[in-house]
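Notes for the one structure printed next.
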Amino acid sequence: LSAATRGVPLLVSAQFVSGLADNALLLVAIAEVQARGGPAWLPPLLKLVFTLAYVLLAPVVGPLADRWPKARVMSVANAVKAGACAAMALGVPVVPCFCVAGAGAALYSPAKYGLMTELVPPHRLVAANGWIEVATVVAILLGTLLGGTLVAWLAPGPSFAGLLALYGLAALLNRGIPDSGARYPAPAPLRRQLGDFLADNARLWRDPLGRVSLATTTLFWGVGATLQFLVLRWAVETLGLTLAQAAWLQGLSATGVVLGAAIAGRCIALERAPGVLWLGVPMGLLLLPMPQVHHWPLALPLLAGAGLVAGLFVVPMNALLQHRGATLLSAGRSIAVQNFNENASVLLMLAGYAAGTAHAVPLDTLI
């Protein structure tokens, strides 16, 4: 069997298990903050520091991911996240532990996506990204459900033990992934890596295909993160649902993303990836009727349709960006640039949403 035939299913499986643990850990960490009597503003800070790690560590994690075989780097990253989980279980303050978990996740990402570009030929990259996207979204859905179940039914000790078992399983799956054989020059000294990263970022933005794919994915993930909060608020204020019911609506949208990602992986070749750009128009138009929808049955096809179009849109764009990035830079460095831009977009758009909310901007205007 080829390295890709053996490695891709293991890589997708490891991503699913690791993502499951990451999303459950957020819920368990929030419950731990509340159990320790932490202030109300602390839980949102956990998501902030987790995302911030992708931005601040981007100049370093790309070269690190290229320094050793990427499956080994993924195992190390999982060990970092497991260490943060174990520290929380031992009573260490939650926020610094979550900073460490974010650092592990920031290292895991360029190794994961970089390994995909090393294992899979360009003509199969969209299909492989479809599987990764499906695994990621399903892990978010089930991880949130798992975290809620752990918090509701188990004490903190067994909850953390269950999460450590998941990280251990992900590490075992990583160890089974074959070495792609790709090797890169040794990274520059640490003092030069920031300058090199800025040059990498500029090079990808100057490339025509790199620019369009990087711009679209950067905007996509920033808007997507903001929409998570907008949909929850819209469902409660306009549709009259409870917060739990609103979360199910979000799940429906995510199910649409899974379906769209699966279709894109099967039907769209890498050379046809720029042809999906027009899908950004219906994706935006599907959001415009939200303020006029006041009954949840009408919201179902709206959100499912938006999710379907989003999955069809983002998977080919991701694949195109990874291919161009690996061609221009290297597998790990290009994903670090992508993570930096996308997560900076998430932080900026969430800050804009928070500012608009703080200044009582109407929900319809924000949408």
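The values are calculated or read from the model by the stated rules, or taken from the named source; none is laboratory data. As the structure is a prediction and not an experimental result, all values here were calculated from the model. SASA here: full protein model, heavy atoms, side chains in, ligands and nucleic acids out. Shrake-Rupley method; radii C 1.70, N 1.55, O 1.52, S 1.80 Å.
Shape index of the stretch 207-286: Rg/Rh, with Rg the Cα radius of gyration and Rh the Kirkwood radius from the inverse mean 1/r over Cα pairs, equals 1.05. Using the empirical formula 2.2 N^0.38 Å as the baseline, the Cα radius of gyration of the stretch 31-171 reaches a ratio of 1.13.
When nucleic acids and ligands are ignored and a 1.4 Å probe is applied, F340 ends up with an accessible area of around 60 Å². Just checking the listed ones, K70, K47, K112: in the Gaussian network model of the chain with Cα springs under 10 Å, the one fluctuating most is K47. Accessible surface comparison of H295, H323, H359, probe 1.4 Å, protein chains only, largest first: the order is H359, H295, H323. Answer rounded, prolate or oblate for the stretch 113-240, using the Cα gyration tensor with square roots of eigenvalues a ≥ b ≥ c: rounded when a/c is under 1.5, else prolate when a/b is larger than b/c, else oblate. Taking the square roots of the gyration eigenvalues as a ≥ b ≥ c, the stretch 113-240 is oblate.
Just the protein heavy atoms count here, and of the accessible area of the stretch 195-283 at 1.4 Å, carbon and sulfur take up 70 percent.
Exposure check, 1.4 Å probe, all protein chains in place: C267 carries approximately 80 Å² of accessible surface. The Cα atoms of the chain cover 56, 51, 41 Å along the three principal axes, with the biggest extent listed first. For the set L198, L107, solvent exposure ranked by accessible area (probe 1.4 Å, protein chains only) runs largest to smallest as L198, L107.
Straight-line cross-link reach from K81 at under 13 Å between alpha-carbon atoms covers these aspartates and glutamates, not counting any fewer than eight positions away in the same chain: D22.
For the stretch 85-115 and the stretch 281-320, what is the separation of their C-alpha centers, rounded to whole Å? Cα centroid of the stretch 85-115 versus Cα centroid of the stretch 281-320: 32 Å apart. Result for the chain in a Gaussian network model with C-alpha springs under 10 Å: among L308, L26, L348, the largest mean-square fluctuation is at L348. Sorted largest first by accessible area at a 1.4 angstrom probe radius, with every protein chain in place, the residues Y108, Y353 fall in the order Y353, Y108. The 3J(HN,Hα) values that the Karplus relation (6.51, -1.76, 1.60; θ = phi - 60°) gives for the stretch 267-283 are, in residue order, 10, 10, 7, 4, 5, 9, 4, x, x, 8, 4, 4, 5, x, 5, x, 4 Hz. Gly and Pro appear as x. So which residue, out of G224, G168, G210, gets the largest mean-square fluctuation from a GNM of the chain using Cα contacts under 10 Å as springs? Maximum among the listed residues: G224. The residues of the stretch 285-342 present an accessible area of 33 Å² per residue when probed at 1.4 Å with all protein chains retained. The phi torsions of the stretch 343-350, fed into the Karplus equation with coefficients 6.51, -1.76 and 1.60 and a -60° offset, translate into couplings of 6, 5, 4, 4, 5, 5, 6, 5 Hz, rounded to whole numbers, with Gly and Pro shown as x.
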